[in-house]
Amino acid sequence: MPTTLLVTYTPRGERSNTKKLVEHFRSVAGGEIVELDLLKDVPDYFLASNLSAYYKRNYAGEKLTEAEKKAIAKMDRMTLQFTQADIVVMAYPMYNFSVPAMVKAYYDSVMLKGKTWDFDPNTMFKGLMAGKKALILSTSGGVYEDSMASFDHASTLSTAEFTFMGFSDVKAVNAGGVNNPSFNAQDILAKAKAQITAIANEWYGYRPT
């Protein structure tokens, strides 16, 4: 069975609609699930120290000092965990039309040249995560479809990140409109959970009882 890395950002705790999708995913997924809670293991933001170390090693091919190795150590650890998974699940709420800052910092941490992508003389870039799958689980207070679709920079960014890194199958489930009084939040979540179950059945060959 595959190994799944479940990366979550649910700061509202038990009140989180995203957490409800995560809990449902756990109930229908198969194989081993490795969890990374970005609230407990906060990814590093790009700062002068780790950014210069990254470029020095991954672009210039130079050896790092001990201080530089320490500066980039968390990024390396998270990238290793990321590359060891067969399936990666990212779960987060949409904030102000995009992904939360910690989620973006995580993407920056694992999108390392030579690890998850690299240059290619023919196509300019190539992803190194071929054969792997990614699932994006998100919730939003509004519905970002039709005339509002251009405001959704969360699902488009996440899909682009995984696609750029070469994931062979990238799927997204969004429970949109959960804060809109015109809609029934429970119905929206139920529909999203049904989509998650269908994806789990496809990927894990698992049928919950």
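The values are calculated or read from the model by the stated rules, or taken from the named source; none is laboratory data. Not measured: the values here are computed from a predicted model. Neighbour counts are summed over all protein chains in view; Cβ atoms, including those assigned to glycine, are modelled from backbone coordinates with ideal geometry.
For A105, the requirement of being at pLDDT 95 or above, out of contact with any helix residue (DSSP H, G or I) (no Cβ under 6 Å at 6 or more places or on another chain) and within 25 Å of V42 (Cα to Cα) is met. Of the residues making up the stretch 48-66, those that are in contact (Cβ under 8 Å) with a residue 12 or more places away in the chain, out of contact with any helix residue (DSSP H, G or I) (no Cβ under 7 Å at 6 or more places or on another chain) and small (G, A, S) number 1. Residue count for the stretch 1-27 satisfying the condition of being part of a loop (DSSP other than H, G, I, E, B), of a type in the set (S, T, Y) and in contact with a strand residue (DSSP E or B) (Cβ under 6 Å, 6 or more places away or on another chain): 1.
Quick check, is G131 under 26 Å from T197 (Cα atoms), of a type in the set (G, A, S), at pLDDT 95 or above and surrounded by fewer than 14 Cβ atoms within 10 Å (Cβ to Cβ)? Yes, satisfied. Inspection of the stretch 48-59 identifies no residue that is in contact with a strand residue (DSSP E or B) (Cβ under 7 Å, 6 or more places away or on another chain), closer than 27 Å to V173 by Cα and not polar (S, T, N, Q).
State whether the residues of the stretch 11-18 include one that is surrounded by 15 or more Cβ atoms within 10 Å (Cβ to Cβ), touching a residue at least 40 places away in the same chain (Cβ under 8 Å) and within 20 Å of G166 (Cα to Cα). No, that holds for no residue. Of all residues in the stretch 32-50, those satisfying the criterion of being assigned to a strand (DSSP E or B) and surrounded by fewer than 16 Cβ atoms within 10 Å (Cβ to Cβ) are E32, V34, E35, D37. Restricting attention to the stretch 173-184, the residues that are modelled with pLDDT under 90, surrounded by 17 or more Cβ atoms within 10 Å (Cβ to Cβ) and either in a helix (DSSP H, G or I) or among the polar types (S, T, N, Q) (or both) add up to 0.
Within the stretch 51-92, being over 30 Å from E32 (Cβ atoms), part of a helix (DSSP H, G or I) and hydroxyl-bearing (S, T, Y) holds for S52, Y55, Y59.
Meeting the requirement of 2 or more residues that are within 15 Å of V89 (Cα to Cα), the strands (runs of 3 or more DSSP E) wholly within the stretch 99-149 are 133-140.
Looking across the stretch 134-172 at every residue that is among the charged types (D, E, K, R) and crowded, with 18+ Cβ neighbours inside 10 Å, the one that is modelled with the lowest pLDDT is identified as D152.
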